[in-house]
Amino acid sequence: MFEFNQPFVSYSRQLADAAIKAQQLALENFESIARLQLKTAENRLNATFTFLGEAAEVRDLEGIRAIWPKSFHLAREAGEELLTLGQETLQRTARTGEAIAQLVKAQVEAANEGIAKAAPKAGAKSGRTA
């Protein structure tokens, strides 16, 4: 009986190790996305405050005409940067999901093969056939 249970214990341990690795991959992905979002937010804040500083210096109609295109440029840049951020986040998350799926798939296949090999041996030793 112990010989039959031993493979289950060792493969359960391997699956637990795979789960820990998968969790580590997920946390690394979360950290990289958080860093990317903070960097993007910092860039947007710097650009916005630079624009607001220029806008605060406007005193006449000519100044408004000069700064008006800059406001559209700022909005366009913000939209483009947010779109790029979303795409990068999606790509990183997809890559992480694929890596986790491959890790789990390999562990499950290894466990299944090991258990399939151990089952006939244990059955033969106990006098039973599979």
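Laboratory data are not the source of any read-out in this text; all were calculated from the coordinates shown. Computed from a prediction, not measured in an experiment: that's the story for all the values here. Using ideal geometry, Cβ is built from the backbone for each residue, glycine included, and neighbour counts are taken over all protein chains shown.
Once percent of Cα pairs over 26 Å apart is worked out from the coordinates, which option in [x] 78; [y] 56; [z] 7 does it equal?
[y]
How large is the helix-only mean residue ellipticity at 222 nm for the chain, computed as the sum of -39500 (n - 2.57) over DSSP H runs with n ≥ 4, divided by its residue count, in deg cm²/dmol to the nearest 500?
Dividing the helical sum by the residues of the chain leaves -35000 deg cm²/dmol.
Note down the net charge around residue 24, summing +1 for each Lys or Arg and -1 for each Asp or Glu among other residues with Cβ under 11 Å from its Cβ.
With Lys, Arg at +1 and Asp, Glu at -1, the neighbours total -2.
Under 13 Å from the Cβ of residue 101, count the other residues' Cβ atoms, weight Lys and Arg +1, Asp and Glu -1, and hand me the total.
Within the 13 Å Cβ shell, the charges total +1.
Going toward the positive end of the dipole of the chain, with +1 on Lys and Arg Cβ and -1 on Asp and Glu Cβ, which of 66, 56, 6 do you reach last?
Value: 6.
How do 104, 9 rank when sorted from fewest to most other Cβ atoms within 10 Å of their own Cβ?
With the sparsest Cβ surroundings first, the list reads 9, 104.
Work out the length of the dipole vector of the chain about its Cα centre, built from +1 on the beta-carbon of each Lys and Arg and -1 on the beta-carbon of each Asp and Glu, and round it to the nearest 20 debye.
Values: 16 positive and 16 negative charges, 177 e Å.
I would put it at about 840 debye.
Can you tell me which aspartates and glutamates have their Cα less than 13 Å from the Cα of residue 70? Leave out same-chain residues fewer than eight positions away.
Qualifying aspartates and glutamates at Cα under 13 Å: 54.
Taking the Cβ of residue 92 as the center, what net charge do the other residues with Cβ under 12 Å away carry, scoring Lys and Arg +1 and Asp and Glu -1?
Numbers: positive: 35, 95; negative: 28, 31, 88, 98.
Neighbour charge sum, excluding residue 92 itself: -2.
Can you tell which of 78, 89, 114 lies farthest toward the positive end of the dipole of the chain, using +1 and -1 charges on the Cβ of basic and acidic side chains (Lys, Arg; Asp, Glu)?
Selected residue: 114.
Pairing the Cα long axis of helix 2-56 with the longest principal axis of the chain, what angle in degrees results, from 0 to 90 and rounded to the nearest 10?
Around 0 degrees separate the two axes.
Of the residues 34, 111, 55, which exhibits the maximal mean-square fluctuation in a Gaussian network model of the chain defined by a 10 Å Cα contact cut-off?
55
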